[in-house]
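We did not get these values from a lab; they are worked out from the coordinates using the rules stated. Treat the numbers as computed from the prediction; the structure is a model and nothing was measured. A quick note on method: Cβ atoms are made from the backbone with ideal geometry, for glycine too, and the neighbour counts reach across all protein chains shown.
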Amino acid sequence: MILSLKKQPIVQLINDHLVDYPTPSNLTLFWNYGFLAGMCLSVQLITGIALAMHYTPHVDLAFLSVEHIMRDVNNGWFLRYSHANGASMFFITVFIHIGRGLYYGSYAQPRTLVWSLGVLILLLMMATAFLGYVLVWGQMSFWAATVITNFFTAFPIVGDKIVTLLWGGFSVDNATLNRFFSLHYLLPFVIAGVVIVHMSAVHQDGSNNPLGIASTTDKISFFPYFFIKDSLSLIALLLFFSFFVYFSPNTLGHSDNYIPGNPMVTPEHIVPEWYFLPAYAILRSIPNKLLGVLALFAAILVLFVLPFVHTSEIRSSLYRPIHQRFFWLLVIDYIMLGYLGQQVPESPFIEIGQVCSIYYFAYFLIILPFLGKLENNLRLA
């Protein structure tokens, strides 16, 4: 009976990928963040579907429907706070996941496809989060939508057409809200599909490890060793997540979103959610609007080129002491960009942002390729 059950395709698939899957024995806790990101995605899907049952995508009712969820729906406050803070948890886990990949060289061959799919997931996440932020139809949401969508007007010839297509008219209005709601509901399922392909690619090419070497002979089964490790990390994440949901639900949001969106009153200082702040700082650091928008997109797209500019014969930064310094400078630089993104666009914040933006792009396009060749020459010497 048990043997025949094991031969069933679904059971065999689960066994191959979640039970007997051969995993490098030296994986650290930093390898848990991919699993944690998947759990955050599950939370977003479940709470998002529940919220959609009570949300009304109409400019006159959207804000009121959110308040209705908070006040009248049983446990509606829990659903809304879990969904809103869950987005932040999702980005935190993904940022750490990407940072681990950068540090240990997980983008290098033969994992180019795995890395590229991960960057695609990040792009889809950012698009989904922006669309969801607008749905609240609070003051900051409305004006963030107006400002961000207007960036496309910087593109010659097609810019105005793109904005009109996004708006569904000639201003941010009801058609815009309906389009954003439809796309926001759809994209998480697209993300889930790409995540499945991403995981398939990981299991096809094999997991990287802290040493950055082939570990074809030193592997153990995923269950129970890494299952227990992932479970412990999930408990830690839930404790961290619960603190924001129960005790500090609005810390990661903006207070102006408790004011209904008003096209006649412009907020004194328009800022996006915290996970967009580094890219927003890069955009504002460039005086030219078109170049600023291009730099905004390039800040994410530059991650796609990493597998092709990697020149070092050594993958892991554990054996690259020079690269370690540049990597931690990048981490500090990214945090600084996040801080600058929420400041008023004036001196000296603009000048500091320009310096940070230069280092951000220089790290990927200049420092990594040059440093790899330098390390190769030092090793041969």
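Results, tabulated for the structure shown:
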read-out: Residue-by-residue Karplus 3J(HN,Hα) for the stretch 261-268, coefficients 6.51, -1.76, 1.60, Hz, glycine and proline x; value: x, 10, x, 8, 10, 8, x, 4
read-out: Rel. contact order, % - alpha carbon contacts under 8 angstrom, at least six apart, the stretch 226-299; value: 18
read-out: Integer Hz, Karplus 6.51/-1.76/1.60 couplings in order for the stretch 73-78, x for Gly and Pro; value: 6, 4, 6, x, 4, 5
read-out: Cut-off under 5 Å, modelled amide H: who pairs with Gly138 long-range; value: Gly261
read-out: Simple spin-label estimate for Gln109 and Ala154 in nanometres, 7 Å along Cα-Cβ; value: 3.6
read-out: Asp60, Asp160 arranged by Cβ crowding within 10 Å, fewest neighbours leading; value: Asp60, Asp160
read-out: Nearest-20 debye value, the stretch 271-381 charge dipole, Cβ charges on Lys, Arg, Asp, Glu; value: 300
read-out: Residue-averaged [θ]222 nm for the chain, counting only DSSP H segments that reach four residues, each worth -39500 (n - 2.57); value: -21000 deg cm²/dmol
read-out: Counted charge near Phe155, where neighbours are those whose Cβ lies closer than 14 Å (Asp, Glu -1; Lys, Arg +1); value: +1
read-out: At 0.890 mPa s and 25 °C, Stokes D of the stretch 150-205 from Kirkwood alpha-carbon radius, µm² per second; value: 182
read-out: Cβ-derived FRET efficiency at R0 56 Å, Phe227 paired with Val344, nearest 0.05; value: 0.70
read-out: Summed residue charge, Cβ within 13 Å of Gly138's Cβ, Lys/Arg positive, Asp/Glu negative; value: -2
read-out: Value of Rg/Rh across the stretch 15-131 [Cα atoms, Kirkwood radius]; value: 1.09
read-out: Burial order of peptide ranges 107-113, 52-58, 88-94 (average beta-carbon count within 10 Å, highest first); value: 88-94, 107-113, 52-58
read-out: Cα pair distances of the stretch 233-381 binned at 10 Å [whole percent]; value: 10, 29, 28, 23, 8, 2, 0
read-out: Distant-in-sequence amide H partners of Ile220 (H built 1.01 Å from N, under 5 Å); value: Thr23, Ser25
read-out: Chain lengthening between Met199 and Ile46 when straightened (0.36 nm per residue, less Cα-Cα); value: 53.0 nm
read-out: Sites Ala214 and Phe30, calculated FRET efficiency, Cβ-Cβ separation with R0 25 Å, nearest 0.05; value: 0.85
read-out: Length-normalised contact order of the chain in % [C-alpha pairs under 8 Å, at least 6 apart]; value: 23
read-out: Cα coordinate range in the stretch 314-381, projected on the principal axes (Å, largest first); value: 49, 19, 13
